Amino acid sequence: MKPPSLGEFEELVLLTVAAQHDEAYGVSIKDALEEHLDKKINISAVHVALKRMKEKGLVESRFGGITNDRGGRRKKYYVITFMGKRALDRQYELRTSMYQKIPKITFG
Amino acid sequence: MAKQPPKNALRFLRWFCREDYLEEIEGDLIELFEQEYERAPRRANWYFVRQVLWHFRPDFIRSFNRNPNLQGAMLRHNLLISWRGFMRHKSSFFINLTGLSTGLACVFLICLWVYDEIRIDKFLEHDEQIYQVLQTVDSPTGRETIEATPGPLAGALEDEIPEIQFAVSVIPATFNVGKGVIAVEDNRLKAAGQYASPDFFRVFPYPLLQGNSEELFTQKNHVVISEALAVNLFQNPENALGKTLDWQTESISGSCVVSGVFADLPATATDQFDLVLNYDWYLEYFPQENWANSSPRSFVRLQENVPADPLRSKVSAFLDSKIEDSNATLSLQRYSDRYLYNRYENGQVAGGRIEYVRLFLIIALFILVIACVNFMNLSTAKASTKVKEVGVKKVVGAGRGQLVLQYLSESMLVAFLSFLVALLLIVLFIPQFNKLTGKALQLGLAPGLLLGLLGITLLTGLLAGTYPAFFLSGHRAVAVLKGRVRASVGELWVRKGLILFQFAISTLLIVSVIVVYRQIDFIQSGTQLGYNRDHVIYFDVEQPGASFTDDLKRIPGVTSVGGGNLKAGKQLGGTNAIDWEGKSPDNQTFFSTFWLGYGLLETLDIQMVDGQPFSESFGSPDQVILNEEAVRQMGLKEPMNKRILVNGDERQIVGVVEDFHFESFYETVKPCVLLLAPLEYAPRLSLKIQAGLEQETIAQVRSVYEAYYPGLVFDFKFMDEDYQQLYISERRVAVLSRYFAALAIIISCLGLLGLAMFAADRRRKEIGIRKVLGASVFGVIKILTGDFTKVVALAIVVALPISYWLAANWLNRFHLHIDLEWWYFLLPAILVMTIAWLTIGLQTLRAARVDPVRCLKE
């Protein structure tokens with residue numbers, strides 16, 4: 001079965017979810033992405049990406065416990081699914097295989 | 001504790017966001033907000049708002065239309081439920097419908113009447129420039145404002161005051177010379193004509209169908225006729241131009257040439273006339289050069305864009321430059337205001353018909369409020385029986401919005417139905433209403449008014465529906481089903497307060513009606529007038545010779561004949577040029593003067609206090625009779641046979657008459673002198689006719705008249721009808737207010753009936769238990785009626801002093817008025833109480849007689 005397509009931003013979010021295994025939620029993903037990419041990320045973009053990937057079955061979610069932080073709202077943690085992992089793998093294979101086909105190019 | 005994010009943004013987020021995403025998004029946003037707050041507290045709020053707005057996108061917005069297919073079905077369901085409710089509680093539905101619709105119909109009719117009243121005379125173009133000049137005359141007995149102005153006034157105003165563009169003198173059609181006969185060949189018509197200066201149609205821009213407003217009266221015998229008259233005499237207006245017609249009245253006759261045709265006057269014009277004749281022609285017969293004599297009315301048209309106010313002082317003192325020691329001032333009143341504001345006190349406008357307009361508006365408002373209050377009272381009371389329904393609906397999953405919608409739509413539906421019934425009632429009753437008010441009103445007259453009324457109706461429905469809609473739907477389903485919902489104490493108080501208000505108003509109206517009726521009756525019976533108008537006819541004749549009057553006297557049904565210009569309720573003229581022995585030089589007392597022929601005092605049955613009525617046997621024609629007030633004013637000890645100077649002529653006092661009311665009842669009796677007139681000076685004859693012989697006698701009088709005055713139409717009036725006409729607006733008010741008071745009490749009782757039914761119904765179990773424990777039917781009735789009785793009694797107590805004050809105030813405007821008697825107040829109190837008891841009593845009796853087993857078994 002062919003895994004669903006993956007946009008660039010979605011891929012980045014998915015990578016973060018996978019990296020922060022079982023500890024990823026909206027704000028942590030946003031922070032990690034901002035750190036890596038060194039630019040401001042809008043939280044709504046992260047939310048959109050997460051919802052879409054969840055619809056495609058790439059991630060799963062669960063609620064955390066109630067704490068005093070966040071005005072008493074529960075966090076929603078995201079975990080990558082088997083399908084999500086496969087999509088990442090395929091993406092990674094695709095990129096490396098294509099990368100390897102690049103002849104030696106040197107500049108200057 | 002960390003700072004809270006902005007509330008409104010959060011509320012907005014909660015409103016639009018999908019429920020399954022909300023907690024996550026809200027949590028993340030709050031976390032970010034807290035982070036941001038640590039870093040830059042001032043920017044944090046704005047940051048949060050921005051983030052919320054970023055989330056306002058299709059992915060996160062919830063569906064607002066939960067189930068599109070359900071909407072139509074729910075509406076149908078709601079209507080069905082409402083309909084079943086109506087059918088199940090037929091009586092309260094019917095009460096609601098009747099109360100509101102009659103109230104609305106009544107209010108609409110009143111509004112229509114008011115609308116028609118305020119429109120009168122407003123149809124003229126540039127009506128803001130047309131003014132009437134009124135004259136206020138000072139006399140020791142008071143200041144009086146009259147329409148008649150000095151004859152040369154109009155011409156002088158136009159010449160000397162540049163702000164006045166045109167000024168005209170008008171002898172209105174209501175004067176004697178205005179009634180005449182038009183003859184074209186064999187075609188003879190009676191018509192009302194007025195004499196007016198040539199610029200008349202430039203002051204009053206009545207639309208002209210033929211002719212040019214600037215050259216209508218180039219000849220003395222030019223005449224401008226109405227469209228109807230033109231069609232009648234010459235088939236069409238075009239044909240009429242240049243045609244000749246004969247104009248015949250008692251004093252002015254001659255042939256005239258039609259120089260123009262004006263469009264028929266609308267019903268909203270106060271001055272109605274069929275033709276306009278040249279004032280210059282009138283002057284040939286009745287010269288008007290004397291500034292001291294007042295006869296024509298004067299109207300002016302101001303220059304374009306000239307305000308009237310700065311002009312008033314100029315006009316006011318105008319007479320001082322014309323007459324030495326003038327005791328009169330002039331004032332300007334906009335012509336179209338004259339209809340509503342025609343009562344003057346001290347030379348100032350003090351009201352007039354506008355008072356009736358206001359009175360009726362207040363009554364309309366009261367009735368509207370009573371009807372709406374009823375509707376709300378009943379709806380809210382009934383709503384509390386629907387608590388269970390609400391509970392079940394909530395359990396099944398109805399949202400609050402749906403419940404609100406249901407109750408609102410139900411009460412709006414009833415309101416709308418009432419509106420439709422009201423329309424039906426209006427259509428049914430408009431002919432009767434027109435007959436009562438003497439108007440020609442139509443439903444379609446004011447579409448804006450209709451819309452306004454629809455708005456008021458729906459607003460009533462909305463208000464009445466709001467309470468149950470929001471109050472009931474707000475309860476928790478569990479509490480509702482367990483029956484833990486009680487009407488709040490405040491609600492009961494409001495309901496009682498509203499009943500109190502209704503009944504207070506009803507009592508007030510009933511008292512007013514009684515007082516108004518008694519007063520009008522009192523005026524119309526005229527027992528206090530001092531003269532007898534019954535079976536008296538009068539008509540105007542040209543030069544009644546002695547043989548004519550002798551012939552009239554010979555008719556068997558005629559008991560007496562008298563000449564003279566004495567007429568019911570009208571003061572026709574007067575003078576201060578009267579001298580008597582011992583008069584102080586600065587005494588300026590104004591005496592009304594009447595010219596009387598022999599026999600008039602007898603005809604009118606005016607009682608003599610002293611001396612004799614005018615009589616031929618007395619010899620000299622220089623006779624005068626005074627009224628008691630005149631004797632008092634002159635300070636004469638023994639007036640009989642004294643000689644006084646009237647306008648320079650010496651006359652001997654031959655009698656003193658009782659003070660009879662020759663003016664309106666609003667006025668006190670003024671001093672007056674009655675002068676013996678040669679027949680030709682008194683071109684009005686009054687005839688007393690034997691009761692029961694009116695028909696034959698009048699026919700005989702007519703034949704005598706036609707024998708003496710061939711070509712003239714015998715036009716007579718009954719004096720008592722004439723007198724009734726004087727107080728016609730009072731009588732209309734009286735009749736109308738009777739209906740309105742009846743309506744108010746009926747509507748109030750409908751409300752009470754509904755509430756009583758409701759109360760009895762709610763307390764069925766209680767009644768059952770009481771009866772089982774041994775309460776008598778009477779005891780139960782006492783319990784059930786007690787509450788309402790107290791409220792109604794309180795309403796009466798509140799209303800009576802107010803109505804006393806109002807009645808006393810109103811009566812004070814009449815010089816002759818009835819005294820307020822105690823039963824005027826006791827009767828309405830008993831009436832209201834009895835009606836209220838009957839209303840409640842029947843209901844409670846039914847409730848009290850119910851078999852207790854039946855109501856307890858439920």
Could you give the dipole magnitude of the protein assembly as shown about its Cα centre, charging the beta-carbon of Lys and Arg +1 and that of Asp and Glu -1, in debye to the nearest 20?
9960 debye
In degrees rounded to 10, the 0-90 angle between helix B:400-437 Cα long axis and the longest Cα principal axis of chain B is 20 degrees
Any idea what angle helix B:447-473 forms with the longest principal axis of chain B, computed on alpha-carbon atoms, 0 to 90 degrees, nearest 10?
30 degrees
If all Cα-Cα distances of region B:154-306 are sorted into 5 Å bins from 0 onward, what percent lands in each bin, rounded to whole numbers?
2, 9, 19, 23, 21, 14, 7, 3, 1, 0
Given +1 on the Cβ of Lys and Arg, -1 on the Cβ of Asp and Glu, and no further charges, what dipole in debye does region B:181-287 carry about its Cα centre, rounded to the nearest 20?
40 debye
Which value results for Rg/Rh of region B:239-386 when Rg is the Cα radius of gyration and Rh the Kirkwood radius based on the inverse mean 1/r?
1.20
Filter on B:LYS386/B:LYS482; B:LYS382/B:LYS857; B:LYS393/B:LYS496; B:LYS122/B:LYS439; A:LYS51/B:LYS3; B:LYS393/B:LYS482 - keep pairs with C-alpha separation over 25 Å:
B:LYS393/B:LYS496; A:LYS51/B:LYS3
Where only alpha carbons of region A:8-100 are counted, the Rg and the Dmax (Å):
14.0, 51
For region B:28-37, 3J(HN,Hα) per residue [Karplus equation, 6.51 cos²θ - 1.76 cosθ + 1.60, θ = phi - 60°, Hz, x = Gly/Pro]:
4, 5, 5, 4, 5, 4, 5, 4, 5, 5
Kindly work out what percent of the DSSP beta bridges joining two residues of chain B are antiparallel, to the nearest 5.
80 percent
Residue (of B:GLY254, B:TYR341, B:ILE783) at the positive-pole extreme of chain B, dipole from beta-carbon charges
B:ILE783
Coil-residue GluC sites (Glu not before Pro) of region B:94-159, DSSP, other Cβ within 10 Å capped at 15:
B:GLU125
Scaled to the compact-protein estimate 2.2 N^0.38 Å, what is the alpha-carbon radius of gyration of chain B, rounded to two decimal places?
1.31
A correct Stokes-Einstein calculation for the protein assembly as shown, using the alpha-carbon Kirkwood radius, 4 °C and 1.567 mPa s, returns a whole-number D in µm² s⁻¹ of 35 µm²/s
Where does the longest stretch of chain B lie that holds no chymotrypsin sites (Phe, Trp or Tyr not before Pro) found in a DSSP loop with 15 or fewer other Cβ atoms within 10 Å?
B:124-665
Restricting region B:380-417 to trypsin sites (Lys or Arg not before Pro) in coil, as DSSP defines it, with at most 16 other Cβ within 10 Å
none
Region B:7-55: translational diffusion in µm²/s, Stokes-Einstein, Kirkwood Rh over Cα pairs, 4 °C, 1.567 mPa s
120 µm²/s
What whole number of Å gives the distance from the Cα centroid of region A:79-108 to the Cα centroid of region B:153-196?
110 Å
Ordered by number, the trypsin sites (Lys or Arg not before Pro) in region B:767-858 that occupy a DSSP loop and have at most 16 other Cβ atoms within 10 Å are B:ARG813, B:ARG849
Two-decimal Rg to Rh for region B:278-360 - Kirkwood Rh, Cα set:
1.03
Cβ-based exposure ranking for B:LEU413, B:LEU157, in which fewest neighbours within 10 Å come first:
B:LEU413, B:LEU157
Chain B - charge dipole about Cα centre, Lys and Arg +1 at Cβ, Asp and Glu -1, debye rounded to 20:
8160 debye
Which whole number gives the average, over all residues in A:66-79, of C-beta atoms from other chains lying within 10 Å of the residue C-beta?
4
Hey, what angle do you get for helix A:8-19 against the long axis of chain A, alpha-carbon based, 0 to 90 degrees rounded to 10?
70 degrees
If you average the alpha carbon positions of region B:619-657 and of region B:692-766, how far apart do those two centres end up, in angstrom?
43 Å
If each part is reduced to its alpha-carbon centroid, region A:9-31 and region B:584-607 end up apart, in Å, by 115 Å
What residue among B:ALA469, B:ILE745, B:ALA40 has its Cα farthest toward the positive end of the dipole of chain B, where the charges are +1 on Lys, Arg and -1 on Asp, Glu, each on the Cβ?
B:ALA40
Of B:VAL513, B:LEU454, A:THR16, farthest towards positive along the dipole that unit charges on Lys, Arg, Asp, Glu beta carbons give the protein assembly as shown
A:THR16
In the protein assembly as shown, what percentage of the DSSP-assigned beta bridges are antiparallel, given to the nearest 5?
80 percent
Sum -39500 (n - 2.57) across every DSSP H segment of at least 4 residues in chain B, then divide by the residue count to get the 222 nm mean residue ellipticity, nearest 500.
-17000 deg cm²/dmol
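Since every read-out is calculated from the coordinates, none of them should be taken as a lab result. All values derive from a computational prediction rather than experimental measurement. When we count neighbours, we look across all protein chains shown, and the Cβ atoms used for this are built from the backbone with ideal geometry, even at glycine.
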